[in-house]
Amino acid sequence: MTRAKNVLVVEDDDDLRRLYARTLTLSGYQVKEARGGFEALRFIDSEHPDAIVLDLMMPGVDGFAVLNELAGHAHTRQIPIVVVTGVSGDLHWLDTACLLKKPATPERVVQAVRQCLATGTAL
């Protein structure tokens, strides 16, 4: 039997974070939650999630800083990241294949996590 994949949901909106976490849990994933970038980086430093769902616009340490930090280390740059953001404009420079624009349904987030884990898409 294979173990459930661990997914870290990083979102400052409590309701949205809980909704994504609950839907991922019901889809068979082990889910941890972080309210912001600093909390996420602390978690990633101590545990190694299989995938991350990451909001970009958060107070304090934002998602852009989290992406930069993860890309700078060999042991974290291979973690598939699903960016879920309300940021408008062209974000192709983020160099991520898993990008969802808000509002993203919880089901779409699960699909993106599943796809990114299957393809190994990472930074």
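Multiplying the residue separation of Gln78 and Glu47 by 0.36 nm and removing their Cα-Cα distance gives an extension gain of 9.7 nm.
The GluC sites (Glu not before Pro) of the range 1-47 that meet both conditions, a loop assignment by DSSP and at most 12 other Cβ atoms within 10 Å of the site Cβ, are Glu47. For a test of the definition: using alpha carbon positions, the gyration tensor, and the 1.5 limit on a/c, classify the range 1-40 as rounded, prolate or oblate. In terms of gyration-tensor shape, oblate.
Which aspartates and glutamates have a Cα lying under 14 Å from the Cα of Lys32, excluding residues fewer than 8 positions away in the same chain? Partners within reach: Glu11, Asp12, Asp14, Asp45, Glu47, Asp50.
Rounded to the nearest 0.05, the FRET efficiency derived from the C-beta distance between Lys101 and Asp13 at R0 = 22 Å is 0.90. Ligands, DNA and RNA left out, the 1.4 Å accessible surface of the chain is 51% carbon and sulfur atoms. If you take the alpha carbon atoms of the chain and fit the smallest convex hull around them, that volume is 97 Å³ per residue.
Shape annotation for the range 33-74: C-alpha extents along the principal axes are 24, 21, 15 Å, from largest to smallest.
The values are calculated or read from the model by the stated rules, or taken from the named source; none is laboratory data. Keep in mind it's a predicted model, so treat the numbers as computed, not measured. Don't worry about glycine lacking a Cβ; one is built from the backbone with ideal geometry, like all the others, and counts go over all protein chains shown. Note: areas computed on protein heavy atoms with side chains; ligands, DNA, RNA excluded. Shrake-Rupley method; radii C 1.70, N 1.55, O 1.52, S 1.80 Å.
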